[in-house]
Amino acid sequence: MDDRSEIARAAAEAAARSSYGKLVAWLAARTRDVAGAEDALADAFAAALERWPRTGVPAQPEAWLLAVARRRDVDAVRRRLTGEAARDHLQLIAEEMEARMSGEELPDDRLRLMFACAHPAIEASVRAPLILQTILG
């Protein structure tokens, strides 16, 4: 191991010893997820051990770790939300594939879709064009 790697490792260890609990508490207080905060902080320490030997130890290692952990946490939330949003779509695709495999005809839900497009919550001037666009394509 070269000197830069040893310095970076020592700085990361010192930050872990002195700030780990405080950083986890700060992250968990904002996300209400202790396990997620610990995972994000672990990723931040791994990133520090990878990056600090090349770029040098930042002037405020604690702030650097916190910023990286917050970004990792935000990314995890985005991935979870994307997965949840895709679940219904993937279920629909699976149902369509099952119907095709079994030789069934796909149900015609155009009338239900027309009623959904004509919902009173949708502005009246938009309803008819929306129905036409949705049904006719």
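Work out how much length A94 to Q133 would gain on full extension: take 0.36 nm times their residue separation and subtract the Cα-Cα distance, in nm to one decimal. Walk me through the numbers on the way to the answer.
On the way: separation 39, 0.36 × 39 = 14.04 nm, distance 2.54 nm.
Difference between extended and current length: 11.5 nm.
Using just the C-alpha positions of segment 1-72 as equal point scatterers, what log10 of I(q)/I(0) does the Debye formula give at each q in 0.13, 0.15, 0.23, 0.24 1/Å? With no solvent term, the Cα-only Debye profile gives -0.34, -0.44, -0.93, -1.00.
Placing a label point 7 Å from the Cα of R32 along the Cα-to-Cβ direction, the residues of segment 63-101 whose backbone N falls under 17 Å of that point are 74, 77-78, 81.
Do the sum for the chain: with -39,500 (n - 2.57) for every DSSP H run of n ≥ 4, divided by all residues, what is the mean residue ellipticity at 222 nm, to the nearest 500 deg cm²/dmol? Spell out each step's value before the answer.
Details: 5 runs with 114 residues, N = 137.
Using -39500 (n - 2.57) per qualifying helix, the result is -29000 deg cm²/dmol.
Of the peptides 118-129, 72-83, the ranking by mean beta-carbon count within 10 Å, highest at the top, reads 72-83, 118-129. Angle of helix 3-31 to the longest C-alpha principal axis of the chain, folded into 0 to 90 degrees and rounded to 10: 50°.
So for segment 3-102, averaging the separation of alpha carbon pairs under 8 Å that are six or more residues apart and normalising by length, what relative contact order in percent results? Display every interim value, and only then the final one.
Working: 65 pairs, mean separation 31.4, N = 100.
After rounding, I find 31 percent.
The share of Cα pairs per 5 Å bin across the chain, counted from zero up to the longest distance, runs 2, 9, 13, 11, 9, 9, 7, 5, 7, 8, 7, 7, 5, 2, 0 percent.
Each value in this text was obtained by applying a stated rule to the coordinates, not by laboratory testing. Since we're looking at a predicted model, the values are computed, not measured. All Cβ positions, glycine included, derive from the backbone under ideal geometry; neighbour counts span all protein chains shown.
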